[in-house]
Each structure stands twice: as C-alpha cells, then as structure tokens.
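Before any comments, here is the structure.
What follows draws every value from the coordinates through simple rules; no lab data is involved. Here the structure is a predicted model, which is why all the values come from computation and not from measurement. Reconstructed Cβ throughout: ideal geometry from the backbone, glycine too, with neighbour counts over all protein chains shown.
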Amino acid sequence: MGKFLCTPGPVPVPDMVAAAAARPLMSHREPDFGSLLGRLQNRLRDLLHVDGPVLLFPGSGTGALEGMLGGMLRPGMKVLSVSCGAFGDRFRDIALRMGGDVVSVDVPWGSSVSPERVREALQENGDVRLVLLTHNETSTGVTNPIWRIVRAMPEPRPLVLVDAVSSLGCMPCSPETWGVDGLASSSQKGLLTPPGVALVWLSPKAWKAVEETPSRSVFFDLRAHRTFLDKVEPQNPYTPPVTLFYALDAALAFLGEYGHARWFAARRRFARTFAEGVRALGCTLLVAEEARRSWGVTALRVPGMSKRLQKTLRDLGVEVAEGQGRLKEDLIRFAHYGDLGWPEIALYLGSLYAALRECGADPKTGALEAAYAAWNKEGA
Ligand SMILES: *Cc1c(COP(=O)(O)O)cnc(C)c1O
C-alpha cells in the first residue's frame, strides 16, 4: 500500500530532487561549490524578483525567522507583531525573547489581517521600528495580502519583516515590489526540498539596520554571511548542508522550467478544486473567504475529532496534519505543494470520504462531481 505525505512540511519532493541530494559531497571551499551557490542565488532572485543576496544557511523555518530578526532587533526596540495563528505567535515569541518591546495585534484564527488594523496600530505607536507579518499562516490556511498591508502603512514605514516559510515556491512572493524589507523562508514546503535549508532576503534599508546592529550571534551573523556570499566564488562562512543545496538547485530548476506563473496557477487550481470537493462532502473550510485561502494548505473544521480522523487517514496511508494551538482538536490540514493534479484530487477526496465514514460522520456523495466541475472551471 502506498503512503501519501500530505502534511504542510515536509512535503514529498520530486524524484530528481531526491536524486540530486544523493550525489557525492564536495568541499564547501572548492570552486564548484562557488558555482553552485552562485547559481542558487540567480534562481532565488528570479523566483523572488529581487536583486541582492539571498542568504542560505542550515536551519528550519524557525531558524530563518530567528536569524533574520536577530540581525536587526536590539533589546528595547519597539516591534509590532501581527498574528493570525500559531506561526504569527511564534514570530512574536522570537521577538519577545530577544528583548523586543512588542505591541501585539491579534486577528481571529481563520481570518486574514486587515490593512486598516495594521495602519491604525502604527498610527497609535509612532515609535515602531519593526513590523512582523506572516504571509501564509499555515496553522489556519490563511494567506495575508502583504502588498495591501504594506501599502496602507503610514510613511515613513518601519521595517517590514515577513514570514514566507509556507508561501515561497507555491504562490507569488515579490518582497521588493511589495515594499517588504525582509523575507524568511525554508526548503521543506513550497520549495519542494527536504528540510534543512533556511533562507533570508533583505532590502537595502534592512541591510543598513543590520550594519548598525552588533551581531550577538556567531552562527546567524548576517554580515558574515553576506561577506562570504560577496566573494568572487561565493561561499558560506560555516559548513553548509551541501547535499541539500544540490537538492534545492534541482527543485528551483524544476520550478523555473515549469514556469513560475504556470506553476502558481496549477497550485491555485488544485487548492480551489479541493476546496469545492471538501464543501460538497459537507465539510466546512476554516477560511471562509476564497481570496484569502492558501494555495498550499487547506484547513477543514472537524470539531473535536481531529485526532481520530488523522489516525483513520493514517491507517488508509494518508498522512495529514491536525490543528495547532487552540485549534488542535478542531482542524485537519491537507497540504498540496507538489506537482499534483486531478488523480490526487480524487485521492484526497476519496480518502477523506472513507475516513469520515469510518469516524461515524455522514459525508455527502457527489463530491467528485462537484470537484470535477471546479477543476474544469479553474482550468479554463
Ligand atoms: C513551517 C513554518 C514555520 C517554521 O517551522 P519549522 O518547523 O521551524 O520549519 C514558520 N512559519 C510558517 C508560516 C510555517 O509554515
């Protein structure tokens, strides 16, 4: 029996990505590694539509957030933390532990962040230096309209730092165009690579802040990372996860060859089709507003039965995530980051139907028909 990994990280990786990671190691001080790192820079700049360096270091998404924030947060600095879920809360926790003077804006879980709310909070707190936002809140399946939020901010804007861990690679991310100053992500979600690589991009304004802030971390010293990247043969200051860099290179080549816009459209088509099918089964989606639903992860309300449903799906060979934090027992979350199409829609909906039945729920029939109509509509 097959096993299907449908969790929001790690995600299944394409065969050639896994094969790339199996290639023999090289030294991270030899010229070939410089070529690899240079190529990764170009591919990531292309994906992000940015100039300037994209730092790559060992770590998960949390490591990327901590590295980015640590580069410019000084104890006592005023930080506006906007959270609509578990990962917004984590970003806030990092700022608090670093001694930030944190002002919190909390949005109900399942809703997106309103640009007006953020503008008001900034008008009331004129001394905010950093704003923390989450692009795709993986715990609820919400995608925030980063560009609108930034555009609504009063000028001069503080530095805007974005957690794009679960959006990069699966939906458009253009931090420079959006007026964002820092973006952090990692390899194991939309970038279709095994876990272990953290990445950070910063705007010139953010780099200036980094230069004015003495680094208290050796490992996350962003200036050291930049100095090494700027060499004629780019390098890492410390030993990088070389084989994961091979894998990331293969994954980015795949996304580039597919065409980024075409790839994002395929992810959107899958997400919207799946959402229609889920609704037709009689389930409720946590995120009511379609335009704010993630293209990478879908959360379903299953009050009080997440554990049982997760276990039942696992027994069928389908691994999904339950909720997080306060919604732990009330949600299950299906991720759909990979190269998935109609056969996987049928797989997801069919297994959900069976699991609901086995848990004593009464799903409606006709979900496949509803999904098929949505599939054709979204593909038109
Ligand atoms: C996965 C994720 C993270 C980081 O989680 P790690 O387990 O540290 O990789 C952070 N933010 C968001 C939005 C995420 O989805």
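Annotation for the range 41-79 versus the range 286-319: alpha-carbon center distance of 30 Å. Here K231 is the anchor, and the lysines within straight C-alpha reach of less than 28 Å, apart from those fewer than 8 places off in the same chain, are K205, K208. Cα extents for the range 284-380 along the principal axes, largest to smallest and rounded to whole angstrom: 38, 27, 24. Around P154, with a cut-off of 15 angstrom between Cβ atoms, what is the net charge of the other residues, counting Lys and Arg +1 and Asp and Glu -1? My count for the surroundings of P154 gives +2. Taking the centroid of alpha carbons for each part, the range 192-258 and the range 342-368 are 42 Å apart.
Within the set of other residues whose C-beta is less than 11 Å from the C-beta of W207, count the net charge using Lys and Arg as +1 and Asp and Glu as -1. Net charge around W207: +1. When both the range 136-169 and the range 85-132 are represented by their alpha-carbon centers, they are found 11 Å apart.
Counted by neighbouring Cβ atoms within 10 Å, the residues R45, R267, R262 run from fewest to most as R262, R45, R267.
Over the chain, Cα pairs under 8 Å with separation of 6+ residues give a relative contact order of 23 percent.
Over the chain, dividing the summed -39,500 (n - 2.57) contributions of all DSSP H runs of at least 4 residues by the number of residues returns a 222 nm mean residue ellipticity of -13000 deg cm²/dmol.
Local charge for D46 was computed over the other residues whose Cβ lies under 15 Å away, with Lys and Arg +1 and Asp and Glu -1, and equals 0.
What you get for the range 260-379, charging only the Cβ of Lys and Arg (+1) and of Asp and Glu (-1), is a dipole of about 280 debye around the Cα centre. Straight Cα distances below 13 angstrom link K377 to the aspartates and glutamates E276, E369, with same-chain residues fewer than 8 positions distant left out.
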